[in-house]
Every structure is written in structure tokens, then in C-alpha cells.
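*Asks:* Would you mind keeping the following structure in view while I ask a few things?
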């Protein structure tokens with residue numbers, strides 16, 4: 001039974017699942033947009049939104065919490081505080097957007113999606 005289970009396990013142990021989310025979050029922070037499976041994008045959304053909300057506080061405590069949650073990916077944490085937090089200063093939530101793609105992954109036929117940061121200044 002699934003009582004009180006919030007996230008999907010992705011058939012991985014807890015440590016692997018945590019590192020998966022950390023790596024996806026760091027890639028999203030660095031690039032602003034990533035392509036992944038729909039299930040991973042939906043599971044990543046609450047993780048990244050909580051990080052951005054923490055970064056908006058700009059305190060030592062929030063910096064330490066983000067460093068511990070990002071497993072000391074210093075470049076992603078710095079970009080989160082210096083670039084993304086001021087960008088979303090007046091926004092109360094909804095920092096990410098998920099687009100479902102019509103194509104599927106060739107190996108396992110998984111549904112693909114793009115997750116991106118809203119109002120991110122992409123270099124076109």
C-alpha cells in the first residue's frame with residue numbers, strides 16, 4: 001500500500017534517488033531548462049521550488065541548508081543565490097514549468113518532458 005508516500009521511488013535506493021534529484025536540480029539551475037522523463041520532471045518540481053524559496057531569504061541558515069541539500073555543488077548554489085533568487089524576488093511560487101513532449105525515449109519508450117525555470121533569461 002502507498003499510504004503517506006509522497007514521492008516515487010524510481011526503483012532506486014534512497015541515496016541514489018537523492019543524488020538523482022540533486023543532479024537534475026543542479027543541471028536545471030545551471031542551464032535553465034532540461035529534458036527528462038515526465039515522472040522525473042514532476043518529482044523534481046517540489047524539490048527545486050523549495051530550494052528557490054529558501055534562496056530568496058538570503059540568510060546564512062538558508063545558504064547552509066541549500067549547500068547541504070545540493071550536496072555541496074558550489075557553483076549551482078552560488079548561481080541560485082546570486083542570479084535566481086533576485087529574479088524571483090516578487091514571485092510567490094510557480095518557478096518552474098513542465099512541457100510534455102510528443103516524442104518518447106527510444107530505449108524504454110518513456111514519456112519525455114521539458115522542465116524549465118519561468119522568466120529565465122535564455123541565450124537564444
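The values are calculated or read from the model by the stated rules, or taken from the named source; none is laboratory data. Treat the numbers as computed from the prediction; the structure is a model and nothing was measured. Because the Cβ atoms are built from the backbone with ideal geometry, glycine has one as well, and the counts that use them run over all protein chains shown.
*Asks:* Sort out for me the strands (runs of 3 or more DSSP E) sitting completely within the stretch 18-124 that have 1 or more residues that are in contact with a helix residue (DSSP H, G or I) (Cβ under 7 Å, 6 or more places away or on another chain) and without any contact (Cβ under 8 Å) to a residue 12 or more places away in the chain. Outline the logic, then answer.
*Replies:* Numbers: elements: 33-37, 96-104, 111-117.
In the stretch 18-124, no matching strands (runs of 3 or more DSSP E) lie anywhere.
*Asks:* Within the stretch 44-56, is there a residue that is modelled with pLDDT of 95 or more and over 22 Å from residue 7 (Cβ atoms)?
*Replies:* Keep residues of the stretch 44-56 that are modelled with pLDDT of 95 or more, which gives 44-56.
When the remaining residues are screened for being over 22 Å from residue 7 (Cβ atoms), the result is 56.
Scanning the stretch 44-56, I find at least one residue that is modelled with pLDDT of 95 or more and over 22 Å from residue 7 (Cβ atoms), so the answer is yes.
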